[in-house]
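Working notes for the structure below.
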Amino acid sequence: MIRAFVGATRLLFTATISVLLLYGALRMTALGATSDAADPSPLPLSAIAKSANRGPVASARVGEIQTVHAPAIVITASVGLNPHQCATSTAVTVTAGVEVTFCYLVANTGDVTFTDHHIVDPALGLDFLLPDEWLTPVDGVQSAFFLTVAKELTTSALHHVTWTATNATGDVAVAEDSTRVIVPTVRLTHTVGLDPHTCAITNTVTVMANTMVTHCFQVENTSDVTFSSHRAANSSAESSPFDWLSTLEPGATLFLTATELVTTTTSNIFTWTAFVSDHLYAVATDQATLFVPAIDVRTTVGDDPANCADTDTITATVGVNVTYCYYVFNVGGTPLTRLLVDDLVLDAETIVVSQTLAENNWLWFLVTAPITQTTVNTVTWTALTAEGLAARAADAAYVHALSWLSATAFYDVDRDGIQSPMEYGVESITVTLDTPMGVPLKVATDDEGAATFHDLVSGQYTVTITTRDLDPHYTVAAADRTQVITVTEASGYTATIALWRPDETDSDGDGIPDYIEGIGDIDDDGHPDYLDPDQYLFLPLVRR
């Protein structure tokens with residue numbers, strides 16, 4: 001909704017500037033004594049010190065200028081838009097940034113010749129020395145000449161020029177004249193707030209997403225011209241400019257309000273153009289910013305417990321630790337003073353981060369946890385401002401859990417097919433696992449007799465071990481030579497492989513075979529009987 005109105009109270013004033021003009025008889029006589037300017041070009045101020053755009057004016061005819069018997073000059077200043085011709089006016093109204101040309105015509109009305117000149121116009125920034133430029137009396141060769149200066153102006157000003165002519169004998173003559181440049185100007189004040197009936201006093205507001213706010217534009221005519229039409233444009237949006245007719249007199253203020261549904265942080269730069277005519281106008285800009293708390297979050301997962309991974313998906317075997325990395329970025333342009341984090345890994349235990357997160361900054365932290373099943377870890381962030389406004393966002397990391405299988409080969413001393421704590425594992429035994437994909441996996445047992453297979457997908461697997469892989473003294477129990485195991489997702493499995501040795505095997509060298517001594521521990525010294533040569537069998541005085 002857009003609404004425009006002129007304030008009930010208009011501050012009207014009229015500024016009258018007295019300009020001392022030398023358009024009297026003397027001035028007209030001096031002008032009449034010259035021909036039209038000979039195509040002078042504009043001169044930028046930066047170039048004045050190096051060169052002057054000036055030209056001679058034909059000597060005045062005797063009797064046209066009433067000379068005086070003393071050093072005397074007269075200056076005629078004018079201002080206009082034509083860079084190729086001295087204007088006849090002493091005032092001009094232009095749009096800011098338009099180049100205007102000042103013309104200064106000086107004539108000698110005395111009876112001495114001047115050779116040096118000092119021209120000063122403080123409002124224009126002109127302070128220029130012009131040496132060796134002869135200015136003769138009326139009956140001389142050059143009784144008048146002109147100087148032009150061109151410049152782009154942005155403000156109205158009264159330009160008062162002072163021309164001082166001197167010569168080597170110490171004669172001095174001073175003349176003054178004034179011109180006026182009027183530049184139409186307006187002042188734009190753009191505020192934003194929540195009350196649709198009152199203009200706010202600030203140009204920023206922080207709101208939740210999908211909040212309706214009201215923009216207020218106050219346009220004051222700070223010049224002496226009257227504007228008749230207006231255009232407002234938002235350079236931050238793709239909307240078309242808004243045009244309407246409304247008279248805005250000097251000193252008056254025009255109000256315009258507009259409502260907007262805010263969804264994200266936005267900086268609105270409005271440009272206001274007030275028109276006197278198509279080619280004469282004033283432009284003003286102002287900015288208002290709408291802050292909407294917002295965060296961008298990311299969850300990654302990897303196997304390095306000290307660093308953040310760069311992926312959000314991992315495949316890992318159950319029981320293995322994985323490390324989640326939780327990122328949050330403040331993209332709302334307003335500080336966040338408190339952060340709350342909820343995820344599946346921590347069993348709904350909320351993490352509270354009290355660190356202030358400045359606009360356009362970010363933070364992160366790590367959480368390490370074991371994999372127990374295939375998991376979609378959705379991490380939800382809630383970010384709060386000091387005023388209690390909230391922003392929420394979520395992201396997920398994916399863990400695809402695989403299974404594992406551990407096969408243990410052991411010396412089955414009592415030949416019961418079950419591994420007891422006193423039956424040690426056998427290392428360097430090759431165990432083969434036939435997979436559902438038809439690709440066999442081979443792993444040698446470690447010093448505890450275990451061969452572990454990781455990253456197993458669901459399906460049927462076969463554990464095999466053959467006698468040709470064994471030490472010649474071992475044989476494999478017939479029941480353990482081929483074992484079929486059905487693996488499901490995210491599970492762990494164990495298999496045992498009983499290895500037998502010949503009947504005469506005597507591991508402790510005490511003359512009694514292992515299978516007879518067995519796996520007991522008669523003297524409770526922690527060594528099984530088949531490995532303990534210091535024990536008696538049946539009677540204390542009868543050694544085994």
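Observations
- One residue from SER41, SER89 being of a type in the set (S, T, N, Q), open to solvent by 40 Å² or more (accessible area, probe 1.4 Å), touching a strand residue (DSSP E or B) at 6+ places or on another chain (Cβ under 8 Å) and at pLDDT 85 or above: SER89
- Within the stretch 256-275, residues that are within 17 Å of SER240 (Cα to Cα) and without any contact (Cβ under 8 Å) to a residue 12 or more places away in the chain have Cβ atoms under 6 Å from residues that are among the hydrophobic types (A, V, I, L, M, F, W, C) and crowded, with 17+ Cβ neighbours inside 10 Å in no pair, counting only partners at least 6 apart in sequence or on another chain.
- A count restricted to the stretch 132-166 and to residues that are open to solvent by 40 Å² or more (accessible area, probe 1.4 Å) and either within 30 Å of THR93 (Cα to Cα) or in contact with a helix residue (DSSP H, G or I) (Cβ under 8 Å, 6 or more places away or on another chain) (or both) stands at 7.
- Residue match in the stretch 223-233 (condition: free of Cβ contacts under 8 Å to residues at least 60 places away in the same chain, open to solvent by 60 Å² or more (accessible area, probe 1.4 Å) and within 19 Å of SER156 (Cβ to Cβ)): yes
- Qualifying positions in the stretch 371-393 - among the aliphatic types (A, V, I, L, M) and more than 24 Å from the chain's Cα centre (by Cα): ILE371, VAL376, VAL379
- Matching residues, the stretch 72-86, being open to solvent by less than 50 Å² (accessible area, probe 1.4 Å) and in contact (Cβ under 8 Å) with a residue 40 or more places away in the chain: ALA72, ILE73, VAL74, ILE75, THR76, ALA77, SER78, VAL79, PRO83, CYS86
- Among the residues making up the stretch 377-424, a single one is open to solvent by 20 Å² or more (accessible area, probe 1.4 Å), within 30 Å of PRO513 (Cβ to Cβ) and assigned to a strand (DSSP E or B): THR408.
- Pairs, first open to solvent by 80 Å² or more (accessible area, probe 1.4 Å) in the stretch 337-350, second aliphatic (A, V, I, L, M), C-beta under 6 Å, six or more apart: ARG338/LEU384
- Take the conditions (1) over 19 Å from THR317 (Cβ atoms); (2) free of Cβ contacts under 8 Å to residues at least 24 places away in the same chain; (3) within 58 Å of the chain's Cα centre (by Cα); THR432 misses just one of them, which is (2).
- Scanning the stretch 352-364 for residues that are open to solvent by less than 40 Å² (accessible area, probe 1.4 Å) and more than 22 Å from the chain's Cα centre (by Cα) returns a single hit, VAL353.
- Where HIS279 falls short, out of the listed (1) in contact (Cβ under 8 Å) with a residue 24 or more places away in the chain; (2) in contact with a strand residue (DSSP E or B) (Cβ under 9 Å, 6 or more places away or on another chain); (3) open to solvent by 20 Å² or more (accessible area, probe 1.4 Å): (2)
- Members of the stretch 167-179 found to be under 11 Å from ILE73 (Cβ atoms), surrounded by fewer than 17 Cβ atoms within 10 Å (Cβ to Cβ) and not aliphatic (A, V, I, L, M), listed by number: GLU176
- Positions within the stretch 425-436 being open to solvent by less than 60 Å² (accessible area, probe 1.4 Å) and either among the polar types (S, T, N, Q) or assigned to a loop (DSSP other than H, G, I, E, B) (or both), in sequence order: VAL426, ILE429, THR430, THR432, THR435
Conditions (1) more than 60 Å from the chain's Cα centre (by Cα); (2) outside any strand (DSSP E or B); (3) loosely packed, with under 15 Cβ neighbours inside 10 Å, marked per residue:
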residue: PHE453; (1), (2), (3): no, no, no
residue: VAL463; (1), (2), (3): no, no, no
residue: THR486; (1), (2), (3): no, no, yes
residue: TYR493; (1), (2), (3): no, no, no
residue: THR505; (1), (2), (3): yes, yes, no
residue: GLY509; (1), (2), (3): yes, yes, yes
residue: TYR515; (1), (2), (3): yes, yes, no
residue: ASP523; (1), (2), (3): yes, yes, yes
residue: GLY526; (1), (2), (3): yes, yes, yes
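- Taking the stretch 130-159 as the range and being farther than 16 Å from ASP111 by Cβ and touching a residue at least 60 places away in the same chain (Cβ under 8 Å) as the test, the residues that pass are LEU130, GLU133, PHE145, PHE146, LEU147, THR148, VAL149, ALA150, LYS151, SER156, LEU158, HIS159.
The values are calculated or read from the model by the stated rules, or taken from the named source; none is laboratory data. Predicted, not measured: the structure shown is a model, and the values here were computed from it. Neighbour counts are summed over all protein chains in view; Cβ atoms, including those assigned to glycine, are modelled from backbone coordinates with ideal geometry. Accessible surface is based on the protein model in full, side chains and every heavy atom, while ligands, DNA and RNA are left aside. Shrake-Rupley method; radii C 1.70, N 1.55, O 1.52, S 1.80 Å.
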